[in-house]
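Novice: Okay, here's the structure, questions in a sec.
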Amino acid sequence: MAKTGTTTQGLRAAIERSGYYPALVGEAVESAVGGEPVSSYVVHQETTFDSNEVRRHVTVLVLTDTRFIVSHTDEQPADGTSPSPYATTSTESVKLERISSVVLSRVVANPESYTPGTLPREVVLTIGWGAVSRLDMEPANCGDPNCEADHGYTGSLTADDLSLRVSEAGDGPDTVRQALTFAQALSEATAATAGAR
């Protein structure tokens, strides 16, 4: 990572604050970012329950001037391949021009009395760049309830590369704010990149 700048320092501090293998996560993110300055970021730790085990997972999203970087780190218990618990870290670097969609869903309480600027209760950020798509198919019909003809299939193709959900109750207001800030920065960066083509 670039060695100066408050955003880069804030990213390091957020990784440290998460407390989730900060040396491992920090090194993976730093390696992926390289020398580019960090424009925006989100660090999200999630705890899940799998049968009788508690597992932790951290996702770090980073925006630079030219790339969107996503890092996932998961811990695994000892198993047949490893006698001791281990962690798996992966990073993906995506050129901004490859980002095809940035979807931000907000959940607000009492929408009838919503005041602009009020923090949503929950935010879901979905980012698509064409690496993973989901195809939902169903039989097509013509609308005639008595028709027995085969009309083939209809479906929809949805970009499903990354979906990140944060909530005020589970993650705290600062993480929700950071996700909103990141979503806006990524949307603006992809719009600027599309306009430069």
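Novice: Can you find a residue in the stretch 66-74 that is over 19 Å from the mean Cα position of the chain (by Cα) and closer than 23 Å to Ser167 by Cα?
Specialist: Going residue by residue through the stretch 66-74, those that are over 19 Å from the mean Cα position of the chain (by Cα) are none.
No; the residues of the stretch 66-74 include none that is over 19 Å from the mean Cα position of the chain (by Cα) and closer than 23 Å to Ser167 by Cα.
Novice: Could I ask something else about it? Any residue in the stretch 132-154 that is outside any strand (DSSP E or B), out of contact with any strand residue (DSSP E or B) (no Cβ under 7 Å at 6 or more places or on another chain), at pLDDT below 80 and among the β-branched types (Val, Ile, Thr)?
Specialist: yes
Novice: Tell me which residues, restricted to the stretch 18-41, are open to solvent by 10 Å² or more (accessible area, probe 1.4 Å) and farther than 17 Å from Asp74 by Cα. Steps first, answer last, please.
Specialist: Going residue by residue through the stretch 18-41, those that are open to solvent by 10 Å² or more (accessible area, probe 1.4 Å) are 18-19, 21-24, 26-28, 30-32, 34-39, 41.
Passing the criteria: Glu30, Ser31, Ala32, Gly34, Gly35, Glu36, Pro37, Val38, Ser39, Tyr41.
The rows are residues; the columns are (1) acidic (Asp, Glu); (2) surrounded by fewer than 13 Cβ atoms within 10 Å (Cβ to Cβ).
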| position | (1), (2) |
| --- | --- |
| Glu46 | yes, no |
| Thr59 | no, no |
| Val70 | no, no |
| Pro77 | no, yes |
| Ser90 | no, yes |
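Novice: Okay, next question. List the pairs whose first member sits in the stretch 161-182 and is in contact (Cβ under 8 Å) with a residue 40 or more places away in the chain, whose second member is of a type in the set (D, E, K, R), and whose Cβ atoms are under 6 Å apart, counting only residues at least 6 apart or on separate chains?
Specialist: Here the result reads Ser167/Glu122; Glu168/Arg121; Val176/Glu168, each pair linking the stretch 161-182 to a residue that is of a type in the set (D, E, K, R).
Novice: Same structure again: Out of all the residues in the stretch 17-61, which are within 19 Å of Val166 (Cβ to Cβ) and in a helix (DSSP H, G or I)?
Specialist: The answer is Arg17, Ser18, Val25, Val29.
The values are calculated or read from the model by the stated rules, or taken from the named source; none is laboratory data. For clarity, every value in this text was computed on a predicted model and none was experimentally measured. FYI the Cβ positions are ideal-geometry reconstructions off the backbone, even for glycines, and counts take in every protein chain you see. To get the accessible areas, we keep the full protein, side chains included, count just its heavy atoms, and leave off ligands, DNA and RNA. Shrake-Rupley method; radii C 1.70, N 1.55, O 1.52, S 1.80 Å.
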